[in-house]
1. Between region B:248-303 and region A:99-120, how many Å separate their Cα centres?
2. Sorting check: for B:187-197, B:328-338, which peptide has the highest mean count of neighbouring beta carbons within 10 Å, and how do the rest follow?
3. What is the fewest-to-most order of B:Phe412, A:Phe118 by other Cβ atoms lying within 10 Å of their Cβ?
4. Got the relative contact order for chain B handy, in percent, Cα pairs under 8 Å and 6 or more residues apart?
5. Taking one equal scatterer on every alpha-carbon of region B:189-309, how large is log10 of I(q)/I(0) by Debye at q = 0.13 1/Å?
6. What aspartates and glutamates sit close enough to B:Lys355 to cross-link, taking a C-alpha to C-alpha distance under 13 Å and skipping anything fewer than 8 places away on the same chain?
7. Can you list the DSSP H helices in chain B whose Cα atoms extend at least 15 Å along the helix axis and whose mean Kyte-Doolittle hydropathy is 0.0 or higher?
8. Taking the Kirkwood radius as the inverse of the mean 1/r across Cα pairs, report the Rg/Rh of chain B.
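We did not get these values from a lab; they are worked out from the coordinates using the rules stated. Only a predicted model underlies this, so the values are computations on that prediction, with no experimental measurement involved. Counting neighbours? That spans all protein chains shown, and the Cβs are built from the backbone with ideal geometry, glycine included.
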Amino acid sequence: MLKIDNLHVKVDGKEILKGLTLAVPTGEVHAVMGPNGSGKSTLANVLAGRPGYEITAGSVTFEGRDLLALAPEERAREGVFLGFQYPVEIPGVNNVYLLKAAMNAARKHRGLEEVDAFEFLTLVKEKMRLMRMDESMLSRGVNEGFSGGEKKRNEILQMLVLEPRLAILDETDSGLDIDALKIVAHGVNTLRSPERSLVLVTHYQRLLDYIVPDHVHVLVKGRIVRSGDKSLALELERRGYDWVTGEAA
Amino acid sequence: MTEPRNALSKRVLDEYEAARASLPPGIVTPERRQEAIQALAARGLPTTRDENWRYTNLRSLEKARFAPIAQPVPPPAETELPGRLTGFARYTFVDGVFARELSSPQEQGGLMVRLMRGTHGSAGNQAPAGSQGSAKQQGSAAHAGSATVFNLPRALPALSSLPEARLALLNEAFATDGAVIHVSGTSAEPARVELLFIAVAGADVGASYPRVQVSLDAGSRLILVERHIGAGTGASFVNSSVSVDVGHGAHLTHYRLQQAGARATWFDTLSAVLAVDARYDLLAVNTGALSARSTTHVQMAGAGAELVLSMAALGDRQQVQDNFALVEHIAPRARTEQTFRGIASGRARVAFNGKIVVREAAAGTDSRQSLRGLLAGPEAEIDARPQLEIYTDDVRCSHGATAGKLDDNMLFYLLSRGLSPEVAQRLLKWAFLEDVVSKIDLPELRRQIEHALAGQMADAASLKELL
């Protein structure tokens, strides 16, 4: 589904990703772990198309298409979803407006009719129950006045409603207490399917207790230095990032 | 006879002399008209050298014809007008003159509405000044159609002597009709009145002078909707004058919508006086006209008076939306809350100049100002300018003014959810106006305003689905 080959990316003239290669086949969940400053968030943002990242070499294909050639909104409509590390507050833009506009944008792209208002609300409310979110949040501004945990749950809610083919979750576990983490993990797990791929970008192994990955990759200084199965995350937890950073140096 | 200040003032005088005989005497007395035109000639019309007029497009004055439209033009069909608001009496004026066929007066407790001229061209039918007191049957005056110099229940404040209020003098000199609204009593339900001003004729035919006088007796309440729209494609010249007097403990909620035609030149002067414990909620949404200037002067004359002034202004293409608001705190313990949100797209210029003066006796004044401008075009201009003049110590005054572009993080967030850049930008502009739009307490009116705003932001279809 996703193939990243020898990706080099600069931010403000400084090279952050230095030849990153990664393949995520359809139906798999991959975790990308790494210490602070290793380039995890850069990877997530580049995949979603945030401006300000200069791609100097390499390629990214999504289902055989050049992902980097697509505008951010086209990536979203094709089924790429980024769960933000720091979801922005947008006062005045209603949560339900955004969900509906996002859903209809994707449907239009696929040549489908706009979603029926009743079916839409039924769907959203069902997903909100799953995320243990109060319905009153729908009429509030996007993330407006939400706690850190509420913002992350709102990200997952959007993901559940939009049903992307590829979801990249950037440190979705950061700032969550254990109860919220379980809710978020449960939400993510309901979306796992043979047609869908997930990339979990995280610093800690904790999330992976609840969303068990098929593969774990360790990102250090802009490169994947080690890949393995879920046991790699446990080993990292035990031995610390020094274990791999030492090797990468 | 005062010497005119310049060629433009001379022309105003000449046009006045030519039109004088045909101006209906019942709306403004000939003496007051004469005083107004003299004062205007002495002061001259504003120029961009005047500090508080530098953002206005004054070139439009050069081209204007000041004499009022002599021949009534066919009014638009009822179906072209904004939807009626439930429970509101509607009074419609076409090119400044009352149009009965487009109006729907309504009896409401404590409400008295008088039309100064009644119908097109019926300037005769004089009644002696002062013959109609406040005991006049409610509502019935709306049908009277008499041309009377009203003996108002309360003396209206003299026209503001501010240099910024000069264009009200022009209205005083040339006005051809007007609405006088008076509310008394302390009914549980506020009175509800809508004034609809439609400009049809082009400036080459003449000017239109909407004129409104509102007074609220002690403890009374009124919700007033004042709309200015354009019909047809004429480049109208509109110069309106509104005076407001909110009595002791009275509460006026005043919605003003400026949706003049795309080629119109629109000037407006509002002067208000607030008595002890009076409350005035003034909410203006300005989207129309090619060139618009709105001048607001509120005097906090009574202790404990409260003013909530909220304004949204949108400019696109070559539009100029210039707004000046002066709030004068004269009496102690009065409170002002001022919110301005302006968006300039294309090559538009949107300005808000908000001046607050706290006089010596106005101890305990509490004033807050939040002015924000959004630049949505590389050639657009925003001027958000707070001014404070304080002559006493015991005050709480806060103000903030910002002008900036759309937030990149917000924009990317919306794009990452599949929204097109156009829709995302429009949505964020929409959100920017929320602080003003959310204050519209009438759901029906709010919907109409939201649609008007969506329409102004072009490609309305993509936003309408969200409404």
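1. After rounding, the separation between the Cα centres reads 41 Å.
2. Details: B:187-197: 20.1, B:328-338: 22.3.
Descending packing order for the listed peptides: B:328-338, B:187-197.
3. Ordered from fewest to most neighbouring Cβ atoms within 10 Å, B:Phe412, A:Phe118 come out as A:Phe118, B:Phe412.
4. Working: 1233 pairs, mean separation 46.2, N = 467.
Rounded, it is 10 percent for chain B.
5. Debye output, listed in q order: -0.51.
6. In chain and number order, the partners are B:Glu51, B:Glu164, B:Glu328, B:Glu337, B:Glu389.
7. Details: long enough: B:7-19 (18 Å, -0.29); B:30-43 (20 Å, -0.97); B:421-432 (16 Å, 0.02); B:443-456 (19 Å, -0.89).
The qualifying helices are B:421-432.
8. Working: Rg = 21.4 Å, Rh = 22.5 Å.
Dividing the radius of gyration by the Kirkwood radius yields 0.95.
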